[in-house]
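Working notes, beginning with the structure itself.
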Amino acid sequence: MIAAADVKALRERTGAGMMDCKKALAEANGDMEKAIEYLRKKGLATAAKRAGKVASEGLVQAYIHGGGRIGVLIEVNCETDFVAKTEDFRDLVHNLAMQVAASRPEYVAREDVPEEVLAKEKEILRAQALNEGKPEQVVEKIVNGRLEKFYQENCLLEQPFIKDMDRTVQDLINEKIAKLGEKIVVRRFVRYAVGEGIVQPEE
């Protein structure tokens, strides 16, 4: 027997529908974490199903942090104006803007990393591995592993979500896709920090 309180708690944590939460808990024998994993997988399936849709509506959100020391502008798209006006979508866009302010990603997704940046990073990681005395035959494997860390640090969708480090930003978006039933895409963002890039004259 699945307790109503557990269904409610799961719904609050995932944003999934009541019946989906009930089914997930039944599938997971009442285990909350397994039920969340079940819903995430379902969210991914929903996201894949909507991948071919066009997302041309949405919001541009401005977020200012630290008394005006950091500013973010982000554009997040969905399929309809109706969804763009929902509290769920607005909350997602706000959280994404906060993520950019706090975690300083350089790119939206790994596909956006320029080829020359990737080549340079691989070159540095390869040199590091060789300098550490790693044998040549495992260097490639080490470089690929460290490249994943580079993506997690620099690509917004792959970063751990600042409010729940067990989920990635993509997990968060997939949950909203599953709940709202529309394709959601982060199109672009820009982050400004006061004094960033200014070279101070030497004393």
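Below, the figures for the structure above:
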quantity: Region 126-161, residues that are touching a helix residue (DSSP H, G or I) at 6+ places or on another chain (Cβ under 6 Å), in contact (Cβ under 8 Å) with a residue 24 or more places away in the chain and assigned to a helix (DSSP H, G or I); calculated: 150, 151, 156, 157, 158
quantity: Candidates 54, 76, filtered to the one that is within 22 Å of residue 173 (Cβ to Cβ), exposed (fewer than 14 other Cβ atoms within 10 Å of the Cβ) and β-branched (Val, Ile, Thr); calculated: 54
quantity: Complete set of residues in region 65-94 that are touching a residue at least 60 places away in the same chain (Cβ under 8 Å) and among the basic types (Lys, Arg); calculated: 69
quantity: Matching entry among 190, 186 (being at pLDDT 90 or above, surrounded by 14 or more Cβ atoms within 10 Å (Cβ to Cβ), among the hydrophobic types (A, V, I, L, M, F, W, C) and not in a helix (DSSP H, G or I)); calculated: 186
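The values are calculated or read from the model by the stated rules, or taken from the named source; none is laboratory data. Treat the numbers as computed from the prediction; the structure is a model and nothing was measured. All Cβ positions, glycine included, derive from the backbone under ideal geometry; neighbour counts span all protein chains shown.
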